[in-house]
Structures are given as structure tokens and as C-alpha cells.
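One structure below.
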Amino acid sequence: MPSTSNSILIRLFTFLGRCAARLARVFYASGGVDFKALNPGAELEALSSDETSWRAMGRDPFFTITAGFAPGWLRVRAHLAAERSALARIFWDTGDGFNDAESVYLSNVFGKQSTVKFICVRRGIRAMRFAPADVPMDFKVLEFSVVPLSDIRMWIEALRWKYDDMRSRRNFSRSLTYGFKLLLKFNLAEFKQKLLPTDATIPQREYEAWCARNRITAEKHAAMLEQLKVWTHPPKISVLVPVYNVPEIYLRKALDSVLNQIYPHWELCIADDKSSEPHIRPVLEEYARKDARVKIVYRAQNGHISAASNSALELATGEFTATLDNDDELTEHALFEVARAIVNDRSLDFIYSDEDKIDLKDRRITPFFKPDWSPDYFLACMYTCHLGVYRTSLLREIGGFRSEFDTAQDYDLVLRVIEKTSRIHHIPDILYHWRMLPSSTASGSSAKPKAHRTAQAVLLDHLKRIGARGSVADGPTAGFHRVRFEIVGKPKISILIPSTCATKSIDGKDINYLDRCIDSILKKSTWREFEIIVLDRNQMPPEMEARYQKLGVRRVTYSEAFNWARVNNLGAKHATGSYLLMLNDDMEVITPGWLEAMLEFAQRDGVGAVGAKLLFPDDRIQHTGIVVIGGGPGHPYYCFPKDDTGYFFGNLVHRNWLAVTGACMLTAKDVFESVGGFNEDFPLNYNDVDYCLKLIASGRRVVYTPYAQLYHYESVSRPRGVTPEEAARFQKLWLQRFPIDPYFNPNLMVENGAFIVSKT
């Protein structure tokens, strides 16, 4: 119960709040704009004639407001409605254009009530920009206004907002007491801060918060030292650092990051590649005097990165070898985490970690939280990168680094390593800071354009060594590639299409989706070795059956209730092809080479299933792979624009996922039979994900390719919806086996369809 004094304060503040509301009306100034002043800019589409319902088509939709405002206070009030939330932001232009410095985020704009923001501007505003969301979504503008305020009115409005906020939070007593204490102490700055609405969390702050949560505290440091005491035969790790004319400040930071390691069993192997800068040798000799674990070799001639790395490797006596660029940094616990992984599994040959970048102001930015070993993603880009640690004997067995592939020497090294071993381990933690210097590839792949072409040569060399015929083409951007495997023979694909064969009336037009699907297959497909089998519940009209017979389309019927898994199992029994393609009837082929794009991966050793990129008819994403988090499957980037890159271009390159959708899935018939086909206990949902998990459990992998694209009209021929029984059955089967998704980093979360840094 509140004290008597607190009760008096509550009544007093309630009275003041009512007075503030009346005074606000007295001081209500003319001017301002409402939602009618919102002019749609990029990535917005109106969904209603009254222009209150909109579709954000990308990650940077915005409205413009052409009205100008004098210097002083503005009150921005906004309230949007949508099925999911997003970050909204307001920008203003005072003469320097729209920029981050002149902007604020609007907290909880998709909440139950309006969001209020008070903005103080020192210069006159020429125009404003309202960014309603940072992800594609449909939304409705319930309220929007920008109103200029006098100083008196601003404080009255702020008091009224604070009154409503405390009432909704039910913390009158605590907030009032704290507020009066601030006033009694004349702490006006904090009082003002508490009085005004605060900003929403912005994306970079999410990573800053992650760094704060995961920093190495004194307690964590002590715990690591205690663990070290019980390890038997802790591995010695040799850190290779090729050095050439690096600025002294960054060289010292790199070397200090090794000397400051919590893990003590290391040696630092430095090869100076005949640097011409006078500070290099004195600094290196200083560090050699400082710690006996520092070894240095001075090369007689400049041989570039691979030659220098090999010279450093000659110094190595450790069981494992790590690589460090001369201007980058290791985190203080990097070698401890590597050693812990080795102690837990002595058979490991190759270990890699997550990484981030450090800009010229020493800020940690752009974290790359990587998947566990993903061989088909690795063919698209050298994603393991830093920190990379290798068994030293294996490095020597493969001949170390190769100078002919300088600029892509690490990519070449790892490709030769994985040809010798599958003992690969990923540490899902940031252990390496990649410095963003203008000349470094950390500042962008365009910084070293030669590296892209060299990487393609490295990939071709890899294909030759493993006996795989293929080619390498450019990917979506520099540093990313498309590997094309030559299809062996002319294998036949059986395309299985369950269908009701019905014609639907959509927007006043009669459309038969099965007809459109089959027509697109027959007219657009460049791969002609296929058969089409329609699976229907005795629903095909005679006219359609006769027409399909002339086209060579086969028909298989069934009489029981629809069960997607059972129907496709039936189709597989009638298939004469060596590959099965499960396909919904509400599909339409976009890319003529879709079957080749899927088949070239389905033929690969170890691949169990291949999925395609599926788009809605308005070119938004329906499917680019499936994540399974906490026993629940989900589609990342659902409804995003078709060319959205995804996390580190994951949507635009071939890669591995834990599952792909059965709406368009290719699998070898013998593989299908070996795992028992689809589980008929999942009649409508999860049957495709269950099948993919059976493949993973059998030692195979699942591949997504963006080079097979189809439109998906999203189950127009049958009802949707996951039943509680299906969800419970799926979790019982797979939650313990796959508590985490190996292709989805545990430091990430899916929010509004996108991958963002986890908040916990």
C-alpha cells in the first residue's frame, strides 16, 4: 500500500495532469501536418483508395513530408497497425539532406497506443521523411501527425504524456518519488531525460548489447583458468603472422592480441616479408625480447602473402596452427575456445569461428555469425575465413600455402584441407576482429578485385582435384560465386503433382492452376528428360484427362481422404524416373533451367534433397529455405523482395539448410526409398521438413538453389494450418535430435522474417 505522503503526491500529480491537458488546449498552436501529408516514396504500394493501408516492398520504405518547420520543438505522434512489428524512424532535412544524425526512432509504433516523440531542432526544417518499417510488410496508418510546439506547450505536452505513461505502467508512486528527488537535487538533465519518451533500440545497439553481454569479465577469466588446470595435454597452438609494411599502431595491436591471450600454450611465428618501413624490425625485436614464445624470421626477398605464411609455418612447432593478419586482432579468449574444442574432440583437423570487423575508430561492427560446416555455401563464398585453425601436420601434408593463388590463398588452403578431412568444427562466438583498412578486403570485396577472379580459379582447381566436371560463374556480388556441376548422363525426373484439378475463380477470372503449372513446365523447361504424374482423388474431368493423355501426362488416382505424404508416396511407387520432384499444382516455372539447377546438386554425393526459390506472384519471397528453431520450422525472409540478399547473401547463392519445402523438392528415388519416403503421420504439414531431417540424420545434406525459381500461389487448392497434434508429433520426433539448427547460428534470431543479433 502506498504511504500517506505518496497518496497525496498521486492526487496532486493527477490534478496537475488534468490542468496540463486543459492548458495544452489553451496553448494549442496552429500548423502541423497529419497523415494526409504523407507522400509515398520508394518501396511503398497503396493497398486502399483512402491511402491508409500500405505495403512496404523492401527494407527502406519511406514517405516524404514537404512541409517546412521553424526551429524549435516538434511533437511527432504515430500509430500503425500490422501483423508484426518493425522499427519506424523519422528524419528531417535542415539543409544537409536526410542523414542518421538528424533522425530518431519511434518506439513501439506498432503497439496498442500511439507513440509520441518530442524533437528539438536548431535549424529550420525543409522537409521530413517518415520510414514506417525496416522490413517488408503490410501496415495501416492509424494516426500520424507532426505539430510544432512552443517551449511552454512542449513541457505541458511532455507532462501529460508522462502522466498517461505512468498510469498505463501503474508505477505512479515509484516514478513520482524518483522525479521529486531529482528536482530536489536540481538534477534537471536527468529529470528532462525521464520526462521525455526514449528511443527504440537500433540495430547497431543490438550488437553492442551482445558485446556487453559476452565480454570476458574477471569471473569468466578466472573460470577459464580453473578449467585449464584440469586439462590433460593442452594443445600448443602456433599463430602465424606474415608481416609487410603494416602501420606500427596496427602491428602492435595485432601482436598484443596474441600476448594477451588467456590461454598460455601458444607460440607466435612471425615472418617479415622484407618490409621497407623502418619501424617494422625494431617493433618485432621488441616483442621477441618481451616474450620467449615469439619467433621471427626475416625473409631475404619479398615473396608476398603465401611465401611469407609458409616461412612462418616453418617456425611452427605447435600441434595446431592459427592464422592472423598483421593488422587484425584476436579476442583475448580466442585460443582458449579453440583449445577447449580440441580437448573435447582430439580428432578435429579444422576449426573456425565467427568474426566481426573493427573500423578506423576501433568500433566493433558487422558481426558475421556463421553456420556450422556448410559445404555448398562454402562453394559460393569463403565464409569460414577468420579465425581459422588447422592441424599443423595436415597443413604440411598439403604443402602449405600456394603463391599462385595469392589474394585467395586462404580459400585455396581450406579447399585442399576439406579434401583430406571432414573433422570440421565451428565455434559460434566472435574470436576474431578484422580491421577495415582501405586496402583490406574487410572494407569490401571491391578493395581487392583480383581476389574474386583468383577465388574462381581456386574453385576450378578444386573441382579438377575431386574429379567433378563443372564451371564457376559470378555470384550476386564480388566474393560470391555460382558453381555449376556438369550433369552426368540424362537422368529422368518424375514430377509428382497432387491436385484437385479444379478451376478457381480468382479476382473474377476462372483459373485452373494445374493447367497453368503443367503448361509452364512443358513450355519453359530446357531439361526434357521428365515425366509428369498428376495425383488426384478421382476429380479430374474427362476433358482434362483426354487432353493430358495427348500431352503425355500420366494420371494416378486414389480414393481416401487427402494426405500429402501418402499421396506423394503413392506417386513415387508409380514413378519411372531415377529422381522425384514433388511439386504443388499452384506453381508456375520462371527460370527455364530450373530442373538443371536442381539436378546438378541432387547428383552430388551426400546430397539428399534440393529446394528451389519460390516467389509469390508479386515477386515477394515465399521460400528460400527453412530454419528449425526450438522444434518449430519457419520461413526466413517471408514476403521480402525477391532480390533481398538475406544474411550475408544467403538468399542469392546455393547453400545448405536443415530443410526445404515440399512444394518444390527434388530427391533421388533410391534415397527416397532408403529413408522410407514421407511420414504419413503428417498428412498436411511438417511432412517435408520431417523428410529433410530424416535425410540429415542419415548423413546426407539438403541444398537450396536460388537458380531454380518458380511462382507459388500458396496452397490455393487445399486448406492450410498446422494442427496442435502435428506440432506436438514433430517436436516429439525431432526436438531432442535437433535442439538447434546447425545452419542457423545460435547468436541470431529471426525477427520479422530477418536474421538479427539475438537480444538474449
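Can you classify segment 244-299 as rounded, prolate or oblate using the Cα gyration tensor, where a ≥ b ≥ c are the square roots of its eigenvalues, rounded means a/c under 1.5, and otherwise it's prolate if a/b beats b/c and oblate if not?
prolate
Rule-of-thumb check for segment 445-519: C-alpha Rg over 2.2 N^0.38 Å?
1.91
I want to check the label-to-label distance for GLU543 and SER578. Put each point 7 Å from Cα in the C-beta direction and report it in nm to one decimal.
4.1 nm
Quick one: compute the contact order of the chain, relative version, from alpha carbon pairs under 8 angstrom and 6+ residues apart, as a percent.
10 percent
Nearest 5 is fine: what % of DSSP beta bridges in the chain come out antiparallel, could you say?
Of those bridges, close to 65 percent are antiparallel.
Considering only C-alpha atoms, what is the centroid distance from segment 219-278 to segment 307-374, in Å?
Measuring centre to centre over Cα atoms gives 10 Å.
Using r as the Cβ-Cβ distance of GLU531 and LEU142, and R0 as 35 Å, what FRET efficiency do you calculate, to the nearest 0.05?
Once rounded, the FRET efficiency stands at 0.05.
Under a plain spin-label model, where a point goes 7 Å from the Cα along Cα-to-Cβ, how far apart in nm are THR94 and LEU522?
6.7 nm
Using 0.36 nm per residue, how much length does the chain from TRP231 to ASP151 gain when fully extended, once their Cα-Cα distance is taken away? Please report the intermediate quantities before stating the final value.
Numbers: separation 80, 0.36 × 80 = 28.80 nm, distance 6.62 nm.
Once the chain is fully extended between TRP231 and ASP151, it gains 22.2 nm.
Can you send over the carbon and sulfur percentage of the accessible area for the chain, probe radius 1.4 Å, protein chains only?
52 percent
With a probe of 1.4 Å, find how much accessible area the chain has per residue, and write the answer as a whole number in Å².
Numbers: 33220 Å² over 760 residues.
Ligands and nucleic acids excluded, the result is 44 Å² per residue.
Subtracting the Cα-Cα distance from 0.36 nm times the residue separation, let me have the gained length for ARG469 to THR760 in nm, one decimal.
Taking ARG469 through THR760 to full extension adds about 100.2 nm, to one decimal.
Add -39500 (n - 2.57) for each DSSP H run of 4 or more in the chain, then divide by its residues: what number comes out at 222 nm, to the nearest 500 deg cm²/dmol?
On the way: 21 runs with 240 residues, N = 760.
Counting only the DSSP helices, I get -9500 deg cm²/dmol.
May I ask you to derive the FRET efficiency for ILE506 and SER347 from their Cβ-Cβ distance with R0 = 51 Å, giving the value to the nearest 0.05?
So, using R0 = 51 Å, E works out to roughly 0.35.
By a straight-distance test (C-alpha under 26 Å), which lysines pair with LYS236 as possible cross-link partners, with residues fewer than eight away in the same chain excluded?
LYS236 reaches LYS220, LYS253, LYS290, LYS295, LYS370, LYS420.
May I ask you to work out the translational diffusion coefficient for segment 378-422 at 20 °C, viscosity 1.002 mPa s, via Stokes-Einstein with Rh from the Kirkwood sum over Cα pairs, reported in whole µm²/s?
Values: Rh = 10.9 Å.
Answer from the Stokes-Einstein relation: 196 µm²/s.
How would you rank 77-86, 594-603, 96-105, highest first, on the average number of other Cβ atoms within 10 Å across their residues? Don't skip to the answer; put the middle values down first.
On the way: 77-86: 18.5, 594-603: 23.6, 96-105: 13.7.
The peptides rank, most packed first, as 594-603, 77-86, 96-105.
Pick out the long, greasy-scoring helices in the chain: whole DSSP H runs spanning 20 Å or more along their own axis by Cα, mean Kyte-Doolittle at least 0.5.
4-26
Kindly state, to the nearest 0.05, the FRET efficiency for ARG364 paired with VAL283, given R0 = 35 Å and r defined as their beta-carbon distance.
0.90
What do you reckon, how do LYS370, LYS112, LYS229, LYS492 stack up by accessible area (1.4 Å probe), largest on top? Kindly include the intermediate steps, with their values, before the conclusion.
Values: LYS370 0, LYS112 205, LYS229 150, LYS492 70 Å².
Descending accessible area places them as LYS112, LYS229, LYS492, LYS370.
Return the long-range amide H neighbours of ALA708 (sequence gap of 5 or more, or a different chain), with a cut-off of under 5 Å between placed amide H atoms.
LYS613
Can you sort LEU735, LEU496 by solvent-accessible area, 1.4 Å probe, largest first?
Heavy-atom accessible area, descending, gives LEU735, LEU496.
Find the centroid of the Cα atoms in segment 554-575 and in segment 101-124, then give the distance between the two in whole Å.
The two parts, judged by their Cα centres, are 57 Å apart.
When a/c is below 1.5 the answer is rounded, else prolate if a/b is larger than b/c, else oblate, so apply that to segment 289-422 with a ≥ b ≥ c taken from the square roots of the Cα gyration tensor eigenvalues. Display every interim value, and only then the final one.
Numbers: a/c = 1.22, a/b = 1.10, b/c = 1.11.
Rounded, since a/c falls under 1.5.
Using the basic label-point model (7 angstrom from Cα toward the beta carbon), what is the SER48 to THR477 distance in nanometres?
3.6 nm
The values are calculated or read from the model by the stated rules, or taken from the named source; none is laboratory data. Treat the numbers as computed from the prediction; the structure is a model and nothing was measured. All Cβ positions, glycine included, derive from the backbone under ideal geometry; neighbour counts span all protein chains shown. Accessible surface is based on the protein model in full, side chains and every heavy atom, while ligands, DNA and RNA are left aside. Shrake-Rupley method; radii C 1.70, N 1.55, O 1.52, S 1.80 Å.
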